[in-house]
Structure formats: C-alpha cells, structure tokens
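Below is one structure; the comments refer to it alone.
The values are calculated or read from the model by the stated rules, or taken from the named source; none is laboratory data. Bear in mind the structure is a predicted one, so any value in this text is a computation, not a measurement. Neighbour counts run over all protein chains shown; Cβ positions are idealised from the backbone, glycine included. Protein only, heavy atoms only, side chains kept; ligands, DNA and RNA dropped before computing areas. Shrake-Rupley method; radii C 1.70, N 1.55, O 1.52, S 1.80 Å.
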Amino acid sequence: MYRSEAINLISSRLGQRSGLDNQIKTEMLLAQTELERSPWLPWFLLAEDTNLTTVAEQRTVDVPSDFLMEYEDIPIYLTDTDGEEYQLTKDDYDALASDTYIEDSGRPTHYDLVGAKWYFFPEPDAAYSLRVFYYAAAQTLDQEEDLENAWLAYAPDLLIAKTGLAMARFLRDNAAIQLFAADLQKAEQRVLQLDTARKEAARAVFMGG
C-alpha cells in the first residue's frame, strides 16, 4: 500500500474529513518512529550488512546509519585474513574490559554493543570483514514522491491504526478513537503472531518422553 492510499483510507475512516492530509502524514511519521523504538521489532525490518570491517589497532566499529537493534538470534560473524569465518561471542563490556582481552590484540573473539559502536576484544590487529544481521529503520515517509515502505508493505493495518488513533485523539472523535484502538490491538496481535510463526516454521519439533 502506498502512502497516499493509507492517507486516503485514514481520512475515510475519520468520516471523509478533508484538509487533513499533511497532519495525517506527520502523525504517520511519528507512528513509524514510535514503532521502531519498541523493544520488539518485526521480521520485515531485518537487514544484513557485509560491508563492515574492523580497523587495525582500533577497538570500535560504528553501527550502520539505519541501525535500530541487533538481531537476537544471530551474533556477529568475522572473516579472518585467511577467509575463515568465525562466530563472535557477545558479552558485557565490563567483563571483557577487565579480562585479559583488554591487554591483547589479535583476531577478535568477543564483542559488545555500547551506544552506537561495537567494541571488539581483543583489539583487532588487522582489517577483518564483518557480517551483521540487525533490525534496520524503514524508509521514512516524508519523501516528496509517493512511496511504499516496509511498514506499508507488510503491516499497513498496524501503521494505519496507530496513525488513525493519534488523529482521532487530535480531533477528539470518541467513536473514531474506539474504532482505531480496536484496529490497533488486532493489528499488533496479527503482526506478532506472524512473526512468531515465521521463526518457528521449518524448525524441528522435539517431543519429551
């Protein structure tokens, strides 16, 4: 669904009100920001970056510009100078900094995320390629041209309901508030259930004896 279609649908559900397109667009931008700052993020925001590299004698690497959160199921992978790929272990910075890793340099084996930087231990002694899976912010909907971003492609009901609820509150329309609140709850459940189903699909099921 494109942005213009979502705006038209919200206007329709608000009683065919006119002159609200810019306000709806602004509320939609805020709704996306709030959704992407949630502690839970959906599958369709997952991204893979294979262009990151460490720098010799530098412990940190900046996260990508669209970074929201690490993917909980897959750690960082590092490729050494011989082309071998290794899985890194994430640990608390305090524990790593107080261990022997803080004094050594070499091929990193551990890391932690602090702010907008990854810290590697031991300190890299060369340029190592990294492969990182993470949740990335979707394209913002403030572009001049009409567009469809990840939220409107995979969860239009969620973004529309959240935006519509904000608009209904702005207009003090109690009937619309109830409508959009019910739609929001339903959409949240749908996206969460689908995300869980995707994670469990094709996984082996073991029955206890």
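On the given criteria, is ARG131 surrounded by fewer than 20 Cβ atoms within 10 Å (Cβ to Cβ), of a type outside the set (A, V, I, L, M, F, W, C) and over 20 Å from the mean Cα position of the chain (by Cα)? No.
GLU5 fulfils the conditions (1) charged (D, E, K, R); (2) under 15 Å from ALA155 (Cα atoms); (3) surrounded by 16 or more Cβ atoms within 10 Å (Cβ to Cβ); (4) out of contact with any Asp or Glu (no Cβ under 7 Å at 6 or more places or on another chain) except for a single criterion, (3). Of the strands (runs of 3 or more DSSP E) lying entirely inside the range 11-78, the ones with 1 or more residues being open to solvent by 50 Å² or more (accessible area, probe 1.4 Å) and of a type in the set (A, V, I, L, M) are found at 46-53, 67-70. Among the residues making up the range 1-53, those that are in contact with a helix residue (DSSP H, G or I) (Cβ under 9 Å, 6 or more places away or on another chain), among the polar types (S, T, N, Q) and over 27 Å from THR196 (Cα atoms) are SER4, ASN8, SER11, SER18, GLN23.
Out of all the residues in the range 120-140, is one or more among the polar types (S, T, N, Q) and part of a helix (DSSP H, G or I)? Within the range 120-140, not a single residue is among the polar types (S, T, N, Q) and part of a helix (DSSP H, G or I). Taking the criterion of being of a type in the set (A, V, I, L, M) and not in a loop (DSSP other than H, G, I, E, B), the residues of the range 79-119 that qualify are ALA95, LEU96, ALA97, ILE102, LEU113, VAL114.
Among what's in the range 145-169 and is at pLDDT 95 or above and open to solvent by 70 Å² or more (accessible area, probe 1.4 Å), pick the residue that is farthest from the chain's Cα centre (by Cα). That would be ARG169. Every condition in (1) over 26 Å from TYR77 (Cβ atoms); (2) at pLDDT below 95; (3) open to solvent by less than 10 Å² (accessible area, probe 1.4 Å) is met by ALA176 except one, and the failing one is (2).
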